[in-house]
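Here's the structure we're looking at; comments come further down.
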């Protein structure tokens, strides 16, 4: 019987995409996937360093995995986004620790423990590996890894390193294969997709001196291809949101009318402490230009409440910004210091937990109102939805504006585009019937 593997994946879409490449490696050397930890011979953790809660979940799992190890052989591995201090603490709890960019070394590590495993064909970069896509109709395609922005609260530059762009030919090939296989939604991934190609002038990068397209050029090329698919991208940094990118987005075609543009705070002073490079006025100017070019676009954001030293007035500025922009979705997080980041070194985490919780609640109430107002515009209209699955006997999917759409229908429609007439709206989604 083949040995079995189980993956515990935390965090963002990039981690999910990395896990798909990890699955390719494991299955190439002879493992097969299991959904049960208690049946696994190998458990791999793709970690997230953004919040302490992810680390807490890992520690919770370690206890149960150690109980399995007392009864039979089990190999555990830690990879993904892991800060140096967390690695020091966790190295005693895992059999293998690997940086995600070194994940191709895993077969060598595993063959030390099981010589009967198959061989692995190496590639120049782990991103060059063909992933085992989790979905048969939706796919994430990483176009770069790392980040050079060094926001003071963020762990990514310390866990993934500086920006490295993936060769355009590899990206084009992967996307073309997905289109040929009938994939309906393709999302280009990067910590800051807008800076794709910028590392050609960075002597630290393997792309130094090479010619790569800019992100708008890359996006325009894929958007011009024939096929029945939607094209999305995440994440954009407001500082790098160029006029050229907005012009490409306005072409529509495959590009969906959706933009995730993290603001993090509505206070210029807090933005400076976060090292975000832009002001509130710059952010609003970019959004205004986007909405002029694409009036029906849906806008979502990330916001941190209770960042170091955030006063009531500074928080009020964030609340005011949320009301002014009228976000359709916002991912609101209470600040938690990450060891090794600039904020953790330079600023005290001095906003009490109960105040962070209350501020999160206030922003959530604002979001409910603005999201509901946007969603109500769909009532009486027909929207196209990509059916992703079923929930409580109904089909559930997303439309081009990334709105959740729920409606009755046959489960055979999963993975297909369906026209839906919207009959009702809530703050968190749309309800309707097949048109």
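Only the coordinates and a few stated rules stand behind these numbers; no lab work does. Note that the structure is predicted; figures quoted are calculated from it, not measured. Heads up, the Cβs are rebuilt from the backbone with ideal geometry, glycines too, and the neighbour counts pull from every protein chain shown.
Taking the Cβ-Cβ separation of residue 93 and residue 285 as r and a Förster radius of 56 Å, what is the calculated FRET efficiency to the nearest 0.05?
Working: r = 48 Å, r/R0 = 0.86.
After rounding, the FRET efficiency stands at 0.70.
Can you classify region 299-357 as rounded, prolate or oblate using the Cα gyration tensor, where a ≥ b ≥ c are the square roots of its eigenvalues, rounded means a/c under 1.5, and otherwise it's prolate if a/b beats b/c and oblate if not? Here region 299-357 falls in the prolate category.
Using only helices, what value at 222 nm comes out for the chain when you add -39,500 (n - 2.57) per DSSP H run of length 4 or more and divide by the total residues, to the nearest 500 deg cm²/dmol? Walk me through the numbers on the way to the answer.
On the way: 13 runs with 147 residues, N = 435.
Roughly -10500 deg cm²/dmol at 222 nm, from the helical runs in the chain.
Which of rounded, prolate or oblate describes region 1-90 when judged by the alpha-carbon gyration tensor and an a/c cut-off of 1.5? Taking the square roots of the gyration eigenvalues as a ≥ b ≥ c, region 1-90 is oblate. Label sites at residue 320 and residue 272, each approximated as a point 7 angstrom past Cα along Cα to Cβ, lie 1.7 nm apart. When you restrict to C-alpha pairs under 8 Å that are six or more residues apart and normalise by the size of the chain, the relative contact order lands at 11 percent. Annotation: the antiparallel percentage among DSSP beta bridges lying fully within the chain is about 40. Once the C-beta distance of residue 119 and residue 32 is scaled by a Förster radius of 22 Å, the resulting FRET efficiency is 0.85 to the nearest 0.05. Between region 290-335 and region 77-147, the C-alpha centres lie 35 angstrom from each other. With a simple spin-label model that places each label point 7 Å from the Cα along the Cα-to-Cβ direction, the separation between residue 56 and residue 181 comes to 3.7 nm. Inter-part distance, region 197-243 to region 365-413, computed on C-alpha centroids, equals 30 Å.
Extension gain for residue 419-residue 292 works out to 43.1 nm (0.36 nm per residue, less the C-alpha to C-alpha distance).
Take the Cβ atoms of residue 250 and residue 384, set R0 to 22 Å, and the FRET efficiency comes out at 0.70. Which of these values of Rg and Dmax of the Cα atoms in Å was calculated from the structure shown: [x] 22.3, 64; [y] 21.7, 70; [z] 30.6, 108? The calculated read-out lines up with [x].
Distance between the modelled labels on residue 204 and residue 63, one decimal in nanometres: 3.9 nm (7 Å Cα→Cβ projection).
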